[in-house]
Amino acid sequence: METPLFAHHDGSEIYLSNSAPKISEEVTFRFRISNDVTIDRAMLRVYHDGEARLFEMAVAESNAVETWWQARVPVLNPITPYRFLLIKDGNYAWLNGAGLFGYEVTSTNDFKIIARPHFPKWVNHSVFYQIFPDRFATSGKKRTAPENFIRRDWDDLPKGKDPSTGVELFGGDLLGVEQHLEHIVELGINGIYFTPFFPANSTHRYDASSFDHVDPLLGGDKAMFALKRKTKKLGIAVMGDLTTNHCGRLHPWLAIAKKDKSSRERGFFYWDKTIPHGYVGWWGLASLPKFNFSSDLLKRRLYSGKNSIVRKWLQAPYSMSGWRIDVGNMTGRYFEDDFNSEVVHGIRKAMDETNPNAWLVAENADHFPADLDGLGWHGTMNYNGFMRPVWGWLNHNPQVEYGFFGQPTGIPQITGSQLVAAMTTFNSGIPWRNLVASMLLLDSHDTARFRNVVGKDSIRQLTGMALLLTYPGVPSIFAGDEIGLEGAWGEDARRTIPWEHKDRWDVAFFEQVKNLVAIRRTSDALAVGGLRFIYITDDVIAFLRESHSETILVAISRKAGEFAIPLAPYGYEVAQTLFGSEQSGAMISRSDSAPGIGIYRLGRGSSQNLKD
């Protein structure tokens, strides 16, 4: 077993007196250290106006297993990096977001506190459901479609490997979603993330021909208003998907720009005579003309103007609860141009001014830590720090195609230590608040289904669901995962829900997922608690989620086997088994016959009286 870190801090509520202070406000910084290791002194290293300063820390409290050190220090800047210096017998070690180091480190992995208002708190108590509008449910209404669309029967499978890719029309619409809200409610979902619902020349709709209204094929604005009335009554948030990197080739802005070289819209795009279609497209695609953010007018129309696209959809009558931004990492970046930071912070400013309670999450498949600085995106779609590592740890006889996230390799098989290392590497580069506001996912409309990743093993898939619903962040379930829907690659994964053939559903799996969602929705620790790994082997990981009001232990195994996790070194004992085999006392002792899940609410052991 890998030895757990004996000192810990993560930026969650039990370690900071205020994680969203005002400039110049004093904050109490705390860390805990096991009594198995003694130190002579501890100091907080914090940046003030770009210069590092050291502040003496004092023992705040102690018990039979651990001691808490703290210091109260003013926060002077919007982003303040900090770490802790632990001193013993003239030697020292640094505690930062990446771990404990007995040698000099840079500030790259320092913890970070952000002197800005809290991010929308409701997202931490939410479980989202990703809906690809054309494939979730159909009302059966036939509507006029673009001539290039190819109609499919609802029970057909996407072909996905011929010219029909992207234009197969199955007929899903918003009325269909409204008619099946009871399924979403039964699952326990309280947030819907729609992939684009704007008019477009494809059924994936990432090539918008307008950002002004809902696609008539989906029922138009009227259908969205009706759906929003129902979701509001049910307490379900609804967020949209916006392409700030590009539009579609049928967008009026491009038509004007092509027709009139002196038009203001001409500056919205990049032009190149060596390209057959004359303009730069995302990855060279004529269907996705890339925006040029050197145009101030484009910025005003997209996000900064009073009636901009970003603002419009957050206001009545649409009242969306947030935006997922497509290819956020590429937005504003082209050769020597890099407007990304300006655009990101501009979108955030527009949202804060319009609806500060709206969630802003970006697709950032190849993560830049600097993109999550606390001042721009609230979070990212956590591919690098969650989905990819979880695929690596839990995959088993995978039935997927097209490599591993664009890499010409199979899915790697990694150990528990490598899983935790990958997660820690991601987490250490960003503020805690960005981590817990990031979207967690096991798969999406762009990937193979997780059931295929685990060789169609429902037990192994459930362990992935347990991780999804207990790890820090905002869980998002791709519609159909909860009933065992399959798909070997992105387009194949965009299958319809077989509403008329529930014999094809994995009902037993659905019931278990419902239980896990309910645990997530009712747990304060899983919503806002910190993250502390306490047990790591090749095949088992266990971590604590700790908040002021609750402590949860999650123990996941990926194969059959026996293991024991002592809780006494952490001062805990099992108070209640929430999921998995019943446990009690100060020891988790399991003999799993297959991949296993244990979720336990913990209480303090009898020796945990604190001493000031």
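Out of the residues in the range 154-180 meeting the condition of being part of a loop (DSSP other than H, G, I, E, B) and among the aliphatic types (A, V, I, L, M), tell me which one is most open to solvent (accessible area, probe 1.4 Å).
Top of the filtered list is 157.
Note down all Cβ pairs under 9 Å where the first residue falls in the range 284-301 and is at positive phi, the second is β-branched (Val, Ile, Thr), and they're at least six residues apart or on different chains.
284/275
Considering only the range 290-297, I want to know if a residue exists there that is over 30 Å from residue 147 (Cβ atoms), out of contact with any helix residue (DSSP H, G or I) (no Cβ under 7 Å at 6 or more places or on another chain) and assigned to a helix (DSSP H, G or I).
There is at least one residue in the range 290-297 that is over 30 Å from residue 147 (Cβ atoms), out of contact with any helix residue (DSSP H, G or I) (no Cβ under 7 Å at 6 or more places or on another chain) and assigned to a helix (DSSP H, G or I).
Which condition number does residue 357 fail, the rest of (1) without any contact (Cβ under 8 Å) to a residue 60 or more places away in the chain; (2) closer than 20 Å to residue 232 by Cα; (3) open to solvent by 10 Å² or more (accessible area, probe 1.4 Å) being met?
(1)
Okay, residues lined up against (1) over 26 Å from residue 534 (Cβ atoms); (2) more than 30 Å from the chain's Cα centre (by Cα); (3) modelled with pLDDT of 95 or more:
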site	(1), (2), (3)
3	no, no, no
9	no, no, yes
14	no, no, yes
24	yes, yes, yes
27	yes, no, yes
38	no, yes, no
54	yes, yes, yes
69	no, yes, yes
93	no, yes, yes
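What number goes with the only condition from (1) of a type outside the set (Ser, Thr, Tyr); (2) touching a strand residue (DSSP E or B) at 6+ places or on another chain (Cβ under 9 Å); (3) surrounded by fewer than 21 Cβ atoms within 10 Å (Cβ to Cβ) that residue 208 does not pass?
It fails just one condition, (3).
Among what's in the range 451-510 and is assigned to a loop (DSSP other than H, G, I, E, B) and among the aromatic types (Phe, Trp, Tyr), pick the residue that is least open to solvent (accessible area, probe 1.4 Å).
Within the range 451-510, the match that is least open to solvent (accessible area, probe 1.4 Å) is 471.
Is the range 342-350 home to any residue that is open to solvent by less than 60 Å² (accessible area, probe 1.4 Å), out of contact with any helix residue (DSSP H, G or I) (no Cβ under 6 Å at 6 or more places or on another chain) and assigned to a strand (DSSP E or B)?
The answer is no, given that none of the residues of the range 342-350 is open to solvent by less than 60 Å² (accessible area, probe 1.4 Å), out of contact with any helix residue (DSSP H, G or I) (no Cβ under 6 Å at 6 or more places or on another chain) and assigned to a strand (DSSP E or B).
hydroxyl-bearing (Ser, Thr, Tyr), surrounded by fewer than 21 Cβ atoms within 10 Å (Cβ to Cβ) and modelled with pLDDT of 95 or more, is that true of residue 294?
Yes; evaluated as a whole, the condition is true for this residue.
Yes/no per residue for (1) without any contact (Cβ under 8 Å) to a residue 24 or more places away in the chain; (2) part of a strand (DSSP E or B):
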| residue | (1), (2) |
| --- | --- |
| 184 | no, no |
| 193 | no, yes |
| 210 | no, no |
| 231 | no, no |
| 240 | no, yes |
| 262 | yes, no |
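Could you tell me which numbered condition residue 151 fails, if it satisfies all but one of (1) closer than 29 Å to residue 440 by Cβ; (2) in contact with a strand residue (DSSP E or B) (Cβ under 8 Å, 6 or more places away or on another chain); (3) open to solvent by 10 Å² or more (accessible area, probe 1.4 Å)?
So residue 151 meets the others, but not (1).
In the range 373-386, which residues are over 23 Å from residue 418 (Cα atoms) and open to solvent by less than 10 Å² (accessible area, probe 1.4 Å)?
Those that are over 23 Å from residue 418 (Cα atoms) and open to solvent by less than 10 Å² (accessible area, probe 1.4 Å): 374, 376, 377, 378, 379.
Hey, which of the strands (runs of 3 or more DSSP E) in the range 522-612, taking only ones fully inside, have at least 3 residues that are closer than 21 Å to residue 34 by Cα and open to solvent by less than 40 Å² (accessible area, probe 1.4 Å)?
It comes to 532-536, 540-546, 551-557.
Please give the number of the condition residue 83 fails out of (1) of a type in the set (D, E, K, R); (2) open to solvent by less than 30 Å² (accessible area, probe 1.4 Å); (3) touching a helix residue (DSSP H, G or I) at 6+ places or on another chain (Cβ under 6 Å).
(3)
The values are calculated or read from the model by the stated rules, or taken from the named source; none is laboratory data. Remember, predicted model here, so these are calculated numbers, not experimental data. Virtual Cβ from ideal backbone geometry, glycine too; neighbours counted across all protein chains shown. Accessible surface is based on the protein model in full, side chains and every heavy atom, while ligands, DNA and RNA are left aside. Shrake-Rupley method; radii C 1.70, N 1.55, O 1.52, S 1.80 Å.
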